[in-house]
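Undergrad: Attaching a single structure in structure tokens format; questions to follow.
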Amino acid sequence: MSTQRLRSEDYNDYSSTDVTPEGSPPGGMNGFAHPESYQRFGETNGTTWYQTLIHLLKGNIGTGLLGLPLAVKNAGILVRWHPRGDAAFVAVHCMGILVKCAHHFCYRFQKQFVDYGGAVMYGLESTPSAWLRTHAIWGRRVVGLFLIITQLGFCCVYFVFLADNLKQVISAANGTTNDCTSNRTVAMTPTMDSRLYMLSLLPFVVLLSFIQNLKVLSIFSMLANVAMLGSLVVIYQYIVRDIPDPRNLPLAAAWKTYPLFFGTAIFAFEGIGVVLPLENKMKNPRQFPVILYVGMTIVTILYISLSVLGYLRFGADIQASITLNLPNCWLYQAVKLLFSFGIFFTYAVQFYVPAEIVIPPVVARVSERWGWLVNLLLRVAMVGVTCVLAILIPRLDIVISLVGSVSSSALALIFPPLLEIATYYAEGMHPLVIAKDIAISLFGFVGFVVGTYEALVELAAPATTIVNATSAMV
């Protein structure tokens, strides 16, 4: 994709039926507009429903999936069953709220589409508060900031994940065998520090970030999905065998570690940043609501099953990524490489969102002659920032929890319910809907504060403590 802006005010061609600029979309708060009344025109060369589903799965299945078993350890066996499903339900519900509100403002202002920041801005302009209406532009800016932090945070996690898995594969290469029946301890060959692996990956990730077309990215996304699907099948068949007696696991973890569980869970289920960009680039955007629920149902089933089975299989020995618990035989070493291949291309999908927020306004300020160069330089700089941050915080579990608590909770749980209140309050809302939205936002805010605090405390722990904790897990 070129540096075409993803800003709602850049589009004036919009067609709908039975609606005026001041009117509300048919269906109102009852959900998405009925397909027959939703006549929005998509892009002629936009993505198909299949390509969009591939991108949606790719944007939501990543390192968070592999880190969920450790999150269950931080919560305890008594709470391992329901919080994952609850988090999934709430996260998907908030995605639906966002898309519904975006459609509402598309009808109301006859826009071709409205992005996340634009929806929040229009929502604030619809409130009875004069102060909020005056400062509505800050809604767009705050959402844009959190989107950038979240998506670049995902990219930082990918650097750490790739480095950890590559280091383990190379370190155990001399001791790798064809015997996969036991996870015997092997003598690790001295190799580079994981930070050097991140630097080694940097040029390849930079080249990947130069791909700017979603249709081209869908090809890589499909390859990544196939690689990760094959890896998950092998991982599942390993962890379901020889599951020890779960009665030996602690019933509940310390309350201190529960916020880390929250951060990891929200990190895993927060894919809201890619929802509207994917919907906006479809040939037929009316198909997106079905794609959203089908795709997230698949994601939820994968997340719940792997988190439960992974923790039951490895118990207290579970590591930051379940791939690091696999035996040192060629089959499972290949699984680590395959999943790393998938995560590598997932980087491009996650990077697409912050790139389209940051780069177009900057390129618009320079001449067309220099626009392409500025575009590429900005991409190099943004990828470099994610690599540097990953080098500074090389602990996969803490990075996941910190990103989830700081920004994912805001985008996935805090903003969408408040946006629904701002959008529909003047038109009349049922008190139960208002109470539900406030409850979700408060839950997200508490998780934001407590989760961020605990992640920072863990991050500030002495290096000796980290080493000892890591050694105990091996």
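Undergrad: So, in region 416-433, of the ones that are open to solvent by 40 Å² or more (accessible area, probe 1.4 Å) and touching a Ser or Thr at 6+ places or on another chain (Cβ under 9 Å), which residue ends up modelled with the highest pLDDT?
TA: Out of the qualifying residues, it is Leu418.
Undergrad: Now for a separate question. Restricting to region 434-447, count the residues that are open to solvent by less than 60 Å² (accessible area, probe 1.4 Å) and not β-branched (Val, Ile, Thr).
TA: 6
Undergrad: Hey, can you tell me all the residues within region 70-85 that are at pLDDT 65 or above and either more than 17 Å from the chain's Cα centre (by Cα) or outside any helix (DSSP H, G or I) (or both)? Please lay out each step first, then the result.
TA: Initially, region 70-85 is screened for residues at pLDDT 65 or above, giving 70-75.
Across region 70-85, the qualifying residues are Leu70, Val72, Lys73, Asn74, Ala75.
Undergrad: Then there is this: Can you tell me which condition Gly315 does not meet? The list is (1) open to solvent by 10 Å² or more (accessible area, probe 1.4 Å); (2) touching a residue at least 60 places away in the same chain (Cβ under 8 Å); (3) among the small types (Gly, Ala, Ser), and all the others hold.
TA: (1)
Quick grid of which residues meet (1) open to solvent by 10 Å² or more (accessible area, probe 1.4 Å); (2) part of a helix (DSSP H, G or I):
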position: Val294; (1), (2): yes, yes
position: Leu302; (1), (2): yes, yes
position: Gly310; (1), (2): no, yes
position: Gln319; (1), (2): yes, no
position: Leu324; (1), (2): yes, yes
position: Tyr332; (1), (2): no, yes
position: Pro354; (1), (2): no, yes
position: Pro360; (1), (2): no, yes
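Undergrad: Sticking with this structure for a sec: Can you pull out every residue in region 200-210 that is buried (at least 16 other Cβ atoms within 10 Å of the Cβ) and over 14 Å from Val157 (Cα atoms)?
TA: Once the filter is applied, which keeps residues that are buried (at least 16 other Cβ atoms within 10 Å of the Cβ) and over 14 Å from Val157 (Cα atoms), region 200-210 yields Val206, Leu208, Ser209.
Undergrad: I need the full set of residues from region 135-162 which are in contact (Cβ under 8 Å) with a residue 40 or more places away in the chain, more than 15 Å from Thr346 (Cβ to Cβ), of a type in the set (A, V, I, L, M) and open to solvent by less than 30 Å² (accessible area, probe 1.4 Å), in order please.
TA: Val143, Leu147
Undergrad: What number of residues in region 362-402 are of a type in the set (Gly, Ala, Ser), over 28 Å from Leu162 (Cα atoms) and open to solvent by less than 30 Å² (accessible area, probe 1.4 Å)?
TA: 1
Undergrad: Sticking with this structure for a sec: Has region 115-130 got at least one residue that is assigned to a loop (DSSP other than H, G, I, E, B) and surrounded by 24 or more Cβ atoms within 10 Å (Cβ to Cβ)?
TA: Yes, region 115-130 contains a residue that is assigned to a loop (DSSP other than H, G, I, E, B) and surrounded by 24 or more Cβ atoms within 10 Å (Cβ to Cβ).
Undergrad: Might you check whether a residue that is part of a helix (DSSP H, G or I) and at pLDDT below 85 occurs anywhere in region 175-183?
TA: So far as region 175-183 goes, yes, one or more of its residues are part of a helix (DSSP H, G or I) and at pLDDT below 85.
Undergrad: May I pose another question? With Ala316, Ala348, Ala320 as the choices, which residue is more than 18 Å from Phe210 (Cβ to Cβ) and in contact with a helix residue (DSSP H, G or I) (Cβ under 6 Å, 6 or more places away or on another chain)?
TA: Ala320
Undergrad: Quick one: which residue in Lys111, Lys100 is crowded, with 19+ Cβ neighbours inside 10 Å, of a type in the set (D, E, K, R), at pLDDT 75 or above and outside any helix (DSSP H, G or I)?
TA: Lys111
Undergrad: State whether one or more residues within region 261-284 are on the phi < 0 side of the Ramachandran plot, within 13 Å of the chain's Cα centre (by Cα) and among the aromatic types (Phe, Trp, Tyr). Before you say what the answer is, go through the steps one by one.
TA: Here is the first cut: in region 261-284, the ones on the phi < 0 side of the Ramachandran plot are 261-284.
Adding the requirement that they be within 13 Å of the chain's Cα centre (by Cα) leaves 263-275.
With among the aromatic types (Phe, Trp, Tyr) added as a condition, the list becomes 267, 269.
Within region 261-284, one or more residues are on the phi < 0 side of the Ramachandran plot, within 13 Å of the chain's Cα centre (by Cα) and among the aromatic types (Phe, Trp, Tyr).
The values are calculated or read from the model by the stated rules, or taken from the named source; none is laboratory data. Remember, it's a predicted structure, so these values are computed and weren't measured experimentally. When we count neighbours, we look across all protein chains shown, and the Cβ atoms used for this are built from the backbone with ideal geometry, even at glycine. When the accessible area is computed, the model is the full protein with side chains, heavy atoms only, and any ligands, DNA or RNA have been set aside. Shrake-Rupley method; radii C 1.70, N 1.55, O 1.52, S 1.80 Å.
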